[in-house]
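What follows is a set of notes on a single structure, which appears directly below.
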Amino acid sequence: MGYRVKNMGLAGQGAANIEWAEAHMPVLMLIRKRFAKEKPLKGVRIAACLHVTKETAVLMRTLRAGGAEARLCASNPLSTQDDVAAALAKEGVPIFASKGESNAEYYKDLNSVLDMKPNITVDDGADLINAIHSKRPELIANLWAGQEETTTGVIRLRAMAKAGALKYPVIAVNDTPTKCLMDNHYGTGESTLHVIMNATTFMIPGSTIVVVGYGNCGKGVSKFARGMGAKVVVVEVNPVEALRAHMDGCIVMDMRNAAKVGDLFITVTGNKHVIRREHFGLMKDRAIVCNSGHFDIELNLKDLDALKKSKRDIMPLVEEYTLKDGRRIIVLAQGRLVNLACAKGHPSDVMDMSFSNQALCSEYIAKNKAALNENTVYDVPKEIDKTVAELKLKAHGLGLERLTLEQTEYLNSFTEGT
Ligand SMILES: NC(=O)c1ccc[n+]([C@@H]2O[C@H](COP(=O)([O-])OP(=O)(O)OC[C@H]3O[C@@H](n4cnc5c(N)ncnc54)[C@H](O)[C@@H]3O)[C@@H](O)[C@H]2O)c1
């Protein structure tokens, strides 16, 4: 079985980091306590392909406490926290990941995880599901269902289901409100800006920040940027979201005009080549561009390469392209999702909700596998979302108002009027 990590000498630091995350993930810890008693995942084989962070380690410990055999590989070659990976390997978790791994290593690790012949896959970007469908279809016979953590993965899976190409059911964990309205919005908002400041010492107040995409992540990034004193320009293709950005106090422009005014560009669309040659050609000298969407496809760096005279590393994962006309464009994290590539990703508190949904969905699949009999994308059961929200409120000591009987009856009636 084994493992592949960068340096086992980092295990002590990794364990301390995981302990820190546990202190900020009260809901998942409560679930772990129950799992340890009830063992709802006894003997269930779970293959996980997630960002290898201290919060993911808390999820792995929880699944194992529930009796699962769980393996882990990275969902991005740049996001692995090597100390956390070492700590998990030391605890006996079969983990296959190292920060900066090559493409060949990435797919070898993914296959090491799949070798366990999983009953459940847990993906962040659908790479396991993709590999199973395209390269290892014999594994489908053992699979009960999958779980998907991010918007880009869910979009792909819905496209597969629509085309009749999806061969086992998947639960869209990303889409449940305690995940996408918390993690994508607050998590991506806070961590993206924090990481950019940390990596570059960029001054946010007074700057013009262009946010491309005003979905759950884009709204979060914009909110934090405005809160810190930036002028925020939003670029959107959806007229309703563009209007919402306007009403929220952002300046709305198309990409060509935004390219001329931005000091910092952040893409969060999940779409391809949203910043490309025609836009790089218009940017100010020393404009910074980065991506917080799932894949490294939002910035067309091939276009930037074609425009460049030279390129150099300024700091780790901060590259300066000098263009033939003398302007410089700074690219962070090679266009990969910046909040995980350049730092540690979301706050543990927000991952508490995402990964509590993942843990409870694993339990739900184990108990209800017979009912998940269509090869389609299922929603997270509303009860799970509600449980996560209630436990989180309780953990923070926040009161929840309850409907009176009279109010419940009123809301269910139609006869009472003016
Ligand atoms: N960095 C992270 O930690 C993190 C966390 C969660 C999600 N994600 C990823 O971030 C991306 C966005 O996720 P989301 O939940 O906000 O998705 P979303 O669907 O809620 O929002 C995406 C928005 O981008 C807009 N858009 C699409 N193409 C565009 C274009 N060419 N120009 C301008 N706008 C465009 C869409 O209209 C939509 O409003 C996905 O790839 C997702 O997987 C990253």
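The values are calculated or read from the model by the stated rules, or taken from the named source; none is laboratory data. Just so it is clear, the model here is predicted, and its values are computed rather than measured. Positions of Cβ are generated from backbone atoms using ideal geometry, with glycine treated the same way; all protein chains shown enter the neighbour counts. Note: areas computed on protein heavy atoms with side chains; ligands, DNA, RNA excluded. Shrake-Rupley method; radii C 1.70, N 1.55, O 1.52, S 1.80 Å.
Provide the percentage of antiparallel DSSP beta bridges, counting only those with both residues in the chain; round to the nearest 5.
Working: 11 of 53 bridges.
So the antiparallel bridges amount to about 20 percent of the total.
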Sequence of 99, 272 when ordered by accessible area, the most exposed leading, probe 1.4 angstrom: 272, 99
Burial ranking of peptide ranges 141-148, 61-68, 398-405 (average Cβ count within 10 Å, highest at the top): 61-68, 141-148, 398-405
Longest to shortest principal axis, alpha-carbon extents of segment 62-135, angstrom: 32, 29, 18
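Please give the per residue accessible area of segment 142-205, computed with a probe of 1.4 Å over protein heavy atoms only, in Å². Walk me through the intermediate numbers first.
Numbers: 2400 Å² over 64 residues.
Dividing the accessible area of segment 142-205 by its residue count gives 37 Å².
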Part-to-part distance (alpha-carbon centres) for segment 324-358 and segment 32-92, which is given in Å: 21
Principal axes of segment 220-304: Cα extent on each, largest first, Å: 35, 26, 20
Centre separation in Å (Cα based) which lies between segment 170-195 and segment 98-129: 22
Contour minus Cα-Cα distance for residue 406 and residue 382 (0.36 nm per residue): 6.2 nm
List 102, 292, ordered by accessible area with a 1.4 Å probe, largest first: 102, 292
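Express the relative contact order of segment 274-418 as a whole percentage, based on alpha carbon pairs under 8 Å and six or more residues apart in sequence.
Over segment 274-418, the number comes to 18 percent.
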Accessible surface, 1.4 Å probe, highest first, among residues 54, 309: 309, 54
Among the listed pairs 99/344; 37/367; 42/90; 223/392; 284/324; 39/90, those beyond 18 Å (Cα-Cα): 42/90; 223/392; 39/90
Extension gain from residue 201 to residue 136, taking 0.36 nm per residue of separation minus the Cα-Cα distance: 18.9 nm
For segment 30-186, size of Cβ-based charge dipole, Lys and Arg +1, Asp and Glu -1, in debye: 620
Apportionment of accessible area to carbon and sulfur, the chain, percent (1.4 Å): 54
Scattering profile of segment 321-377 at q = 0.17, 0.18 Å⁻¹ [log10 I(q)/I(0), Debye over alpha-carbon scatterers]: -0.78, -0.81
Average accessible surface area per residue within segment 1-97, 1.4 Å rolling probe, Å²: 37
Whole-number Å³ per residue for the convex hull built on Cα positions in the chain: 175
